[in-house]
Amino acid sequence: MSGPPALVLGGSLAGLLTATVLRRHHTTVTVLDQDRLPTGAAHRAGTPQAHHGHLLLPAGSRYIEALLPGTLGRLLAVGAHRIDMSADVVSLGDLGWQPRTPTGHLALLCSRPLLEWTLRERVREMDGITLVTGAQVRELTGSRHRVTGALARHRDGTTRWYEAALTVDATGRASRTPALLTALGLPPVRERTVDAGVAYASVPVLAPPAARDGFPLIGIQPGPSRHRPARAGVVFPIEDGRWLISLSGTRGAEPPLDHHGFLAFARSLEHPVIADLLTSVTPVAPIRGYRHTGNRRRYYERMRRWPEGFLVVGDALLTTNPTFGYGMTATAAGVSALADTPHASSRDTQRAIARAVSGAWHLASGTDLLHPGATGSGSRRAARVHRSLALRLERAAHHDPRLRRALVRVGTLSEPPSTLLTPAVARALLLPRARGPATPGSPAPGGSAD
């Protein structure tokens, strides 16, 4: 490929995907990461959230396969699981157990380290991409009109200027871009946050031999209540015959990190299935906690000035509450928007990236606003109206497989909510069953979750 060099700040999911896109139009791409990247599917300091459950939604799977063909096959070959987002999910919510109707919308389940290692190996195979580890970005170079690269400090104490025609921030939740842009003379970026105070606790366990293949994802996940904090739990089947069991609670219901407290919290959920499973498995690592779970949106695309030669993707742009499972898919959607605008100005490309992730922001932040003690800006009245409509749609979908599939497509970011604005959906909302009370909790489909 002809063209000047490009620079990617951050070597996680967003950075790796971005590097593959930039290589199409630049002679070389350098990826800087402050960690020493592991040689296998191992945890690293820069991704503490990797100890917890991750779900690559159907849309995310499609984006990644389009950006890096063959990646899904490699993941499946090393132990990732593919599940139908309805038929292979045993989920208890506000309306009872969700119907397990086949939808054909397939998600991917594996540990975050396995996903990143697989992507990293794919990127290492590509000519023209260099991964530089132990490099911490100190400043952007250039001016408020154009970014020309970055200055990085290495572990040996040396500093180096990396010159680039295009620099992309993919450094994640801890991104320092607002301060770095201010140092170039640009105005502050507008930021919105919505934080329900969600705390996580997760433990990997060795699954029983009979449940290592074909086991469903299990979720006990009630929606927000005005009167009490939410408590939830999920069992993620992952590679190597393991499950990752994650418990979470909003502010005031944080799960403990000791074994007895963890089990007691699981017993407090609205169904005992996860607690019962916990008593039959063997942990293979300590329980880990995580509390950096607020939704945050930075509106770079609305800044009065935007420098050429600079973009922001991934969690550096948008972070959502991990309980929604939107993070990796929103990241992949943003990078795909970058791939679709190779010749646009940096401002127009940043706007396209922002549009690609906006659906995840609205769905996650609107729901989290309704939890007791949630902080942040936004209309709670509008959020309550949206939540009421969503519940009516879910009630109707219990009896309508087509509507169920449509809701799965929207809820997994495959389609925008606007696709539900149809006469058929309007008729479903008017049916008495859509306005009735929530279905009480009932036994899992088939009598149990086994």
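Coordinate-derived values only; no laboratory data. This structure is a prediction, so every number in the text was calculated from the model and none was measured. Neighbour counts run over all protein chains shown; Cβ positions are idealised from the backbone, glycine included.
On the principal axes of its alpha carbon atoms, the stretch 73-188 extends 55, 37, 25 Å, with the longest extent given first.
Taking every C-alpha pair closer than 8 Å and separated by at least 6 residues, the mean separation divided by the residue count of the stretch 298-372 gives a relative contact order of 37 percent.
With semi-axes defined as the square roots of five times the eigenvalues of the C-alpha gyration tensor, the equivalent ellipsoid of the stretch 199-290 measures 23, 14, 11 Å, largest first. Measure nothing but the geometry: give the 0 to 90° angle between the long axis through the Cα atoms of 380-397 and the longest principal axis through the Cα atoms of the chain, rounded to 10°. The angle comes out near 60 degrees. Here the gap between residue 260 and residue 47, fully extended at 0.36 nm per residue and compared with their Cα-Cα distance, gives a gain of 74.0 nm. Cβ crowding within 10 Å, taken as a proxy for footprinting-reagent exposure, orders 268, 175 from fewest neighbours to most as 268, 175. The fewest-to-most ranking of 328, 126, 303 by surrounding Cβ atoms within 10 Å reads 126, 303, 328.
Once R0 is set to 56 Å, what does the formula 1/(1 + (r/R0)^6) return for the Cβ-Cβ distance between residue 190 and residue 77, expressed as a FRET efficiency to the nearest 0.05? List each step's numbers first, then the result.
Values: r = 44 Å, r/R0 = 0.79.
Between residue 190 and residue 77 the formula returns 0.80.
Anyone know which of 125, 191, 139 comes out most mobile in the 10 Å Cα GNM of the chain? So, out of 125, 191, 139, the one fluctuating most is 125. Stretching residue 163 away from residue 291 to a fully extended chain increases their span by 42.5 nm, per 0.36 nm per residue minus the current alpha-carbon distance.
Extending 7 Å from the Cα toward the beta-carbon at both residue 343 and residue 225 defines two label points whose distance is 5.8 nm.
Considering only 201, 210, 135, the mean-square fluctuation computed in a Gaussian network model of the chain, springs between alpha carbons under 10 angstrom, is largest for 210. For the chain, the mean residue ellipticity at 222 nm estimated from helices alone is -9500 deg cm²/dmol, where every DSSP H run of n ≥ 4 contributes -39500 (n - 2.57) and the total is divided by all residues, rounded to the nearest 500.
Across all directions, the shadow cast by the convex hull of the stretch 350-389 built on its C-alpha atoms averages 3.3 square nanometres.
For the chain, what is Rg from Cα atoms divided by 2.2 N^0.38 Å, rounded to two decimals? Display every interim value, and only then the final one.
Numbers: Rg = 22.1 Å, N = 450, 2.2 N^0.38 = 22.4 Å.
Taking the Cα Rg and dividing by 2.2 N^0.38 Å, one obtains 0.98.
Helix 58-67 against the longest principal axis of the chain: what's the angle in degrees, Cα atoms only, rounded to the nearest 10? Helix 58-67 sits roughly 20 degrees off the main axis of the chain.
Calculate, for residue 156 and residue 39, the FRET efficiency according to 1/(1 + (r/R0)^6) with r their C-beta to C-beta distance and R0 25 Å; round to the nearest 0.05. Efficiency, rounded to the nearest 0.05: 0.80.
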